[in-house]
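Since the structure comes first, as structure tokens, the remarks are kept for the end.
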Amino acid sequence: MAENRYCDIEAFLDTIPQYAGESGVVRAGALLEELGHPEKTLKIIHVAGSNGKGSVCAYLNRILIQHGFRTGLFTSPHLVDVRERIRIDNEMVSKSDFVQAFDRVHSAAKRLQKKNITLAYFDWLFGMALLLFVQKQADFVILETGLGGRLDATNAVQNPVLSVITTISLEHTAVLGDTLSQIAKEKAGILKQGVSAVYSAKEPEVIHVMEQTAENAGVPVLEGVTPADYQITKNTGKCIDFSLHNGYYKNDCFSLATGAVYQAENCSLALTGAALLQKAGILQLDEGKVRQAVFETCWEGRMEEVEPDIYIDGAHNPEGIEAFIRSARSICGKRPAVLLFSVVKDKNFEQMIGMLAASGVFTHYIIVQMQTKRHLAGESIEELFAKYTSAPLTEFDESFDGYLYGKKLQEEIPDSVLFCTGSLYLAGEIKQKLQNGR
């Protein structure tokens with residue numbers, strides 16, 4: 001009976017639109033009031049940005065768990081199971097807990113409907129997550145924003161203990177603005193008075209926006225992590241050693257169980273965030289536990305090795321693709337590589353395809369169609385690849401058929417590597433088939 005109820009709820013949630021009237025922060029604010037403000041009893045770390053949010057959340061989550069804290073983790077999107085979005089101590093919540101939390105939000109949603117407030121899909125899960133984090137007595141909660149920051153549902157939280165902003169790039173330009181400065185302003189909207197913050201400090205216009213917003217908001221400590229702060233000292237393609245040198249770490253060395261070079265920056269942001277919490281007297285860090293935590297961190301769908309020499313990566317915008325190419329190059333070395341690709345139609349897909357073709361990393365391309373309504377037609381992707389490269393192109397209607405063909409190619413080409421990228425939806429479809437034995 002409980003299983004049937006869970007399946008019904010899952011189906012119901014899938015019918016809820018991604019967008020609704022008002023802004024996410026207004027809708028979520030009304031929802032939190034209906035729920036009795038569960039967020040007010042929680043120590044919340046708020047994470048925004050264009051790329052790397054999930055990975056930074058994962059590093060912070062593991063650091064806190066390693067120090068004996070119970071954590072709540074709220075991220076999006078999910079790859080296979082909607083409960084991936086709501087985790088306690090990095091484990092998905094049970095179906096029965098999910099059902100109970102849904103029922104409470106459902107009751108609140110009915111009351112809000114009478115006030116002409118309709119919740120969007122993300123709002124439901126956000127409310128459910130906070131209820132479960134209170135129920136499970138989480139010591140710390142890590143919240144990843146959905147879209148943007150200033151108007152995002154998660155920004156209804158007024159009392160975080162730390163704000164983190166990862167790399168910022170041109171994304172969702174129709175909603176967030178079409179310049180880096182405009183997008184940075186939206187992301188910087190999570191900065192709050194009295195709350196220390198750490199951010200990725202690379203582009204001058206982003207640095208200017210962050211410093212100005214932090215000063216206006218009354219942020220006590222704003223730490224920028226620059227590319228000069230961390231240095232990769234070794235990359236075997238499976239593991240990375242890097243050193244971090246800033247106001248909190250003095251050329252301290254850390255090892256990561258990944259070949260994804262972009263994780264050195266994400267981990268540095270998380271490490272600096274943890275140090276800010278220590279500086280504020282909120283936690284006490286143990287050097288050995290921190291090192292062990294970051295080495296043990298694995299974030300699914302981000303340069304994840306799903307089978308020997310087969311990697312899936314959720315890069316879905318030009319900056320993500322640039323980081324993906326750097327990582328793929330370091331993993332391959334001089335070995336040949338096959339690329340499986342798909343993309344959703346509201347991304348800057350032509351630039352992404354041009355970058356992949358120009359990289360010189362890949363000898364064969366496989367184009368697949370995803371099941372999401374937002375997918376870009378395979379023929380359109382194929383035409384663009386043909387515009388930028390003369391390498392062999394093969395197209396499949398089903399993503400997993402393309403995966404199986406890529407695996408066959410990888411076995412036929414000596415010492416080659418298969419990479420799958422372009423969308424987290426693609427990563428999810430492949431992982432689901434692999435899990436189902438498919």
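The values are calculated or read from the model by the stated rules, or taken from the named source; none is laboratory data. In this text, all values refer to a predicted model and were calculated from it rather than measured experimentally. Positions of Cβ are generated from backbone atoms using ideal geometry, with glycine treated the same way; all protein chains shown enter the neighbour counts. In case anyone asks, the SASA skips ligands and DNA or RNA and just uses the protein heavy atoms, side chains included. Shrake-Rupley method; radii C 1.70, N 1.55, O 1.52, S 1.80 Å.
When segment 243-263 is limited to residues that are in a strand (DSSP E or B), under 18 Å from residue 62 (Cα atoms) and of a type in the set (A, V, I, L, M, F, W, C), the one that is most open to solvent (accessible area, probe 1.4 Å) turns out to be 253. Reported count of residues in segment 85-102, each being charged (D, E, K, R) and either buried (at least 18 other Cβ atoms within 10 Å of the Cβ) or at pLDDT below 95 (or both), is 3.
Only one entry of 21, 68, 52, 36 meets the criterion of being of a type in the set (Gly, Ala, Ser) and in contact with a helix residue (DSSP H, G or I) (Cβ under 6 Å, 6 or more places away or on another chain), and that entry is 52.
Considering (1) in contact (Cβ under 8 Å) with a residue 24 or more places away in the chain; (2) more than 24 Å from the chain's Cα centre (by Cα); (3) in a helix (DSSP H, G or I), the lone condition that residue 106 does not fulfil carries the number (1). Within segment 336-349, is even one residue more than 25 Å from residue 61 (Cα to Cα), outside any loop (DSSP other than H, G, I, E, B), open to solvent by less than 20 Å² (accessible area, probe 1.4 Å) and at pLDDT below 95? Yes, segment 336-349 contains a residue that is more than 25 Å from residue 61 (Cα to Cα), outside any loop (DSSP other than H, G, I, E, B), open to solvent by less than 20 Å² (accessible area, probe 1.4 Å) and at pLDDT below 95.
Scan segment 397-411 for residues that are modelled with pLDDT under 95, open to solvent by 30 Å² or more (accessible area, probe 1.4 Å) and not in a loop (DSSP other than H, G, I, E, B) and the total you get is 1.
Residue-by-condition table, conditions (1) polar (S, T, N, Q); (2) at pLDDT 95 or above; (3) touching a Pro at 6+ places or on another chain (Cβ under 8 Å):
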position: 175; (1), (2), (3): no, no, no
position: 196; (1), (2), (3): yes, yes, yes
position: 202; (1), (2), (3): no, no, yes
position: 211; (1), (2), (3): no, yes, no
position: 215; (1), (2), (3): no, yes, no
position: 220; (1), (2), (3): no, yes, no
position: 224; (1), (2), (3): no, yes, no
position: 236; (1), (2), (3): yes, no, no
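For residue 360, indicate whether it is on the phi > 0 side of the Ramachandran plot and touching a residue at least 24 places away in the same chain (Cβ under 8 Å). It is false that residue 360 is on the phi > 0 side of the Ramachandran plot and touching a residue at least 24 places away in the same chain (Cβ under 8 Å). Beta carbons closer than 7 Å, at least 6 apart along the sequence or on distinct chains, pair a first residue in segment 1-30 that is modelled with pLDDT of 90 or more with a second that is basic (Lys, Arg) and surrounded by 14 or more Cβ atoms within 10 Å (Cβ to Cβ) for 6/95.
Among the residues of segment 143-159, is there at least one that is touching a residue at least 12 places away in the same chain (Cβ under 8 Å), more than 17 Å from residue 24 (Cβ to Cβ) and not aliphatic (A, V, I, L, M)? The answer is yes; a qualifying residue exists. Mind listing whichever residues of segment 373-396 are assigned to a helix (DSSP H, G or I), of a type in the set (Gly, Ala, Ser) and more than 29 Å from the chain's Cα centre (by Cα)? Of everything in segment 373-396, just one residue is assigned to a helix (DSSP H, G or I), of a type in the set (Gly, Ala, Ser) and more than 29 Å from the chain's Cα centre (by Cα), namely 386.
For segment 355-375, give me each residue that is closer than 21 Å to residue 432 by Cα and touching a helix residue (DSSP H, G or I) at 6+ places or on another chain (Cβ under 6 Å). Listed by number, the residues that qualify are 366, 367, 368, 369, 370, 372.
For segment 276-319, filtering for residues that are farther than 30 Å from residue 428 by Cα, open to solvent by 10 Å² or more (accessible area, probe 1.4 Å) and in a helix (DSSP H, G or I) leaves 5. For segment 66-83, the tally of residues that are touching a residue at least 40 places away in the same chain (Cβ under 8 Å) and under 30 Å from residue 284 (Cα atoms) stands at 10.
What residue, among those in segment 31-68 that are in a helix (DSSP H, G or I) and open to solvent by 20 Å² or more (accessible area, probe 1.4 Å), is farthest from residue 110 (Cα to Cα)?
Quick first cut of segment 31-68, residues in a helix (DSSP H, G or I) only: 31-34, 38-41, 53-66.
Okay, now just the ones that are also open to solvent by 20 Å² or more (accessible area, probe 1.4 Å), so 33-34, 40-41, 53, 62, 65-66.
Details: 33: 14, 34: 10, 40: 23, 41: 25, 53: 32, 62: 37, 65: 36, 66: 40 Å.
Residue satisfying both the conditions and the ranking: 66.
Could you tell me whether residue 80 is β-branched (Val, Ile, Thr) and closer than 26 Å to residue 209 by Cα?
no
What do you reckon, is residue 11 over 17 Å from the mean Cα position of the chain (by Cα), small (Gly, Ala, Ser) and within 16 Å of residue 113 (Cα to Cα)? No: the conditions fail for residue 11.
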